[in-house]
Amino acid sequence: MEKLTFYAVSAPEKLDRIGAYLAERLSRDVVRHRSGYVLIAMEALDQLLMACHSQSIKPFVESFLHMVAKLLESGEPKLQVLGTNSFVKFANIEEDTPSYHRRYDFFVSRFSAMCHSCHSDPEIRTEAPFSHPHRIRIAGIRGIQGVVRKTVNDELRATIWEPQHMDKIVPSLLFNMQKIEEIDSRIGPPSSPSAADKEENPAVLAENCFRELLGRATFGNMNNAVRPVFAHLDHHKLWDPNEFAVHCFKIIMYSIQAQYSHHVIQEILGHLDACKKDSPRVRAGIIQVLLEAVAIAAKGSIGPTVLEVFNTLLKHLRLSVEFEASDSHKGSLGSVNLNSKDNDEKIVQNAIIQTIGFFGSNLPDYQRSEIMMFIMGKVPVFGTSTHTLDISQLGDLGTRRIQIMLLRSLLMVTSGYKAKTIVTALPASFLDPLLSSSLMEDYELRQLVLEVMHNLMDRHDNRAKLRGIRIIPDVADLKIKREKICRQDTSFMKKNGQQLYRHIYLGCKEEDNVQKNYELLYTSLALMTIELANEEVVIDLIRLAIALQDSAIINEDNLPVFHRCGIMALVAAYLNFVSQMIAVPAFCQHVSKVIETRTVEAPYFLPEHIFRDKCMIPKSLEKNEKNLYFLTNKIAESLGGSGYSVERLSVPYVPQVTDEDRLSRRKSIVDTVSIQVDILPSSIPSDDVVSNTEEITFEALKKAIDTSGMEEQEKEKRRLVIEKFQKAPFEEIAAQCESKANFLHDRLAQILELTIRPPPSPSGTLTITSGHAQYQSVPVYEMKFPDLCVY
């Protein structure tokens, strides 16, 4: 060998003939099963390959690879292992210039086949501590690793990233990772392997090779490396249970470059869509894998997939609820018992909510606000079409279920969200639909809405200290954290305070309220006091509490005794809290005196009693003793002495009734009918006035109050207006605007005796002058016709 090596190095042009001769001899010896000569020939080839690095080594390499292929094709495991070892040595040699014509298709196929070997010859068993023949598998894994190292870095060479190669390499590696994991699970928890064990452990070798392969993947070939993973998991039914699937995708997410994480997430979402009709447990397994991938990706680059993740998850949440509703319908018909499948669908739904919550909680605040708006836009509210989720196939029970699921998702996303100002956390575009949901009839939905509000309102983590509705002896012991109310929060309460008060007031009067509802309503009042209350807001909250007390006493809504007592207990707990927060001694004294009286004479008006299990509730509340109630005049007197402006306390709080009450299917709210009256000046001749008066009878009033058909008429009217502006010709719309402009001209001139010059076109402006006064020109399209515009 020394002489042969010296000769080859001295005359590199002879390497081609040397290689051809050794290849011919080795081929003959392989056929004749002369293993000793085969070993000598391969040793000679290996040493020559390692010693020579000249340009003329290219033809020699072809002879070498031809001989390796011969060994791999042989049926003897020893020769296959020998050929693999030689190939690995060759793979570790760095060539000066790549060989673009050389292809490794055969080696990929052969090494992949070796990875699945189950040879039973005891002579080739490994000495590793498990009783399975892994020697050929180890050789196959090392061979794949050699092919990867030899080809993966050269973009111009025939690449192994093509799908036909990846479909062989990736499943071969996963097969070995999976098999050893199954054995380890049977023999107990594995001990940490030594360095020698790692070399002889197919699972460790396969995992390292898999990591190396993924680490070298680039933008263009990432998907080709990931898709075979889904095929392998589907074929071997590894989504349920999904421990191995989770393990695989953790390896993938930690091995790839961080900027490509969103590619993997997109592939998981695509596979989830492809499996939407599979069993619930399979879908749940895929969603849990997505959760693990998102948990890792959220720490780095999410990419453009944020809304896509949520949109896909919400779509599958709707599908799961739809499947559950249809299965429940079949079960009610007695066709089949589907309880287990319903439970499986709940597993899917919980997995989706957990994924949404985890993903949302790891997003930056600006993205989280967008996701909150996105989810809120999906929540269906009865009577509206503003939501973007298709609920046509769900029915009432399915719609309720999807409402609960979406609000639970929203609750998870808002958890831990801390905005500097309440306007950032509760913009009008989010607050309005959220409060509309708070008027729905289902008590569980109202609870979720209140909890979402608490997440956004509690910026100093005080909610845990307020948990449970009770009479707090000393609020100072709670160590409430608060800051001075900023100008933005004050402005928010001036704009939206009445809306918040109204929803709390109406929420307290719901007939299906349970203890948790009262606890959450109490927490809402307390958090508003801590986070948003200046002197004006404090007065409004006290007015609200007194109004609730009056509603429980008068009981116009015919509430049960328990609910009336619950409202009284809520008012007592809140006034006790707010009196100590503002620290007005006379106010605290009045509240304490009422609570002491109730403790003796009417304990069912206190939260500790009425919300206790098996508490005694009176049959009726006929007591009219003033000392049991909080009195407005006493409160006004005590606050007035401390400098509060108490004039508004004498005005009873009355909530505004809006369209939300009808849209939310509320039974306890009566829609009011607004009556418009035109008062014309006496200068207009009476002949021009059209008398529209009619006799006011009981039937007329009943017809006016019965607004069941009003909602449909309003919806149809809006639909026609939208359709007209979408489909009507521009000339027709322009002509109509011009006619309205002329009508306004005549109307204003008649009433105000103004000189009006009409615009030449609908897009022009209307100029109005009267004596020496000057009026700004107003675009026609901004006016609300045919109502009278006031300048």
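The values are calculated or read from the model by the stated rules, or taken from the named source; none is laboratory data. Just so it is clear, the model here is predicted, and its values are computed rather than measured. Note that each Cβ is placed from the backbone with ideal geometry, even for glycine, and that neighbours are counted across all protein chains shown. The area values use the complete protein model at the heavy-atom level, side chains included, leaving out ligands, DNA and RNA. Shrake-Rupley method; radii C 1.70, N 1.55, O 1.52, S 1.80 Å.
Backbone phi angles across the range 451-466, fed through the Karplus curve with coefficients 6.51, -1.76 and 1.60 (θ = phi - 60°), yield HN-Hα couplings of 5, 4, 4, 5, 4, 7, 8, 7, 9, 10, 6, 9, 4, 4, 6, 9 Hz in residue order; Gly and Pro are listed as x. Cα centroids of the range 562-579 and the range 537-554: 10 Å apart. For the pair the range 395-443 and the range 480-501, the centres of their Cα atoms are 20 angstrom apart.
Among the listed pairs 276/346; 78/237; 418/516, those whose Cα-Cα separation exceeds 27 Å are 78/237. When 344, 29 are compared by accessible surface with a 1.4 Å probe, the order from highest to lowest is 344, 29.
Here r is the Cβ-Cβ distance between residue 17 and residue 219 and R0 is 56 Å; the resulting FRET efficiency, rounded to 0.05, is 0.80. The simple spin-label model puts a point 7 Å past each Cα toward its Cβ; for residue 212 and residue 365 those points are separated by 4.7 nm.
Cβ-Cβ distance of residue 736 and residue 554, R₀ of 35 Å, FRET efficiency by 1/(1 + (r/R0)^6): the value works out to about 0.10. Net length available on complete extension from residue 343 to residue 714 is 129.4 nm, with 0.36 nm assigned per residue and the Cα-Cα distance removed. Derived scalar couplings between HN and Hα for the range 75-83 equal x, 8, x, 4, 5, 4, 5, 4, x Hz in order, rounded to whole Hz, by the Karplus curve 6.51 cos²θ - 1.76 cosθ + 1.60 (θ = phi - 60°), x for Gly and Pro. In this label model, residue 257 and residue 3 are separated by 5.4 nm, measuring between points 7 Å along each Cα→Cβ vector.
Between residue 418 and residue 487, the simple label model (points 7 Å from Cα in the Cβ direction) yields a spacing of 2.5 nm. On the basis of the beta-carbon distance and an R0 of 25 Å, residue 118 and residue 273 show a calculated FRET efficiency of 0.10.
Among 620, 579, 650, the order of accessible area from largest down is 650, 620, 579, computed with a 1.4 Å probe on protein heavy atoms. Expressed as a whole percent, the accessible surface of the range 206-309 that belongs to carbon and sulfur atoms is 51, based on a 1.4 Å probe.
Return the carbon/sulfur percentage of the accessible area of the range 441-540, one whole number, probe 1.4 Å, all protein chains in place. Roughly 46 percent, rounded to a whole number. Residue separation of residue 614 and residue 511 scaled by 0.36 nm, minus their Cα-Cα distance, works out to 35.1 nm of gained length.
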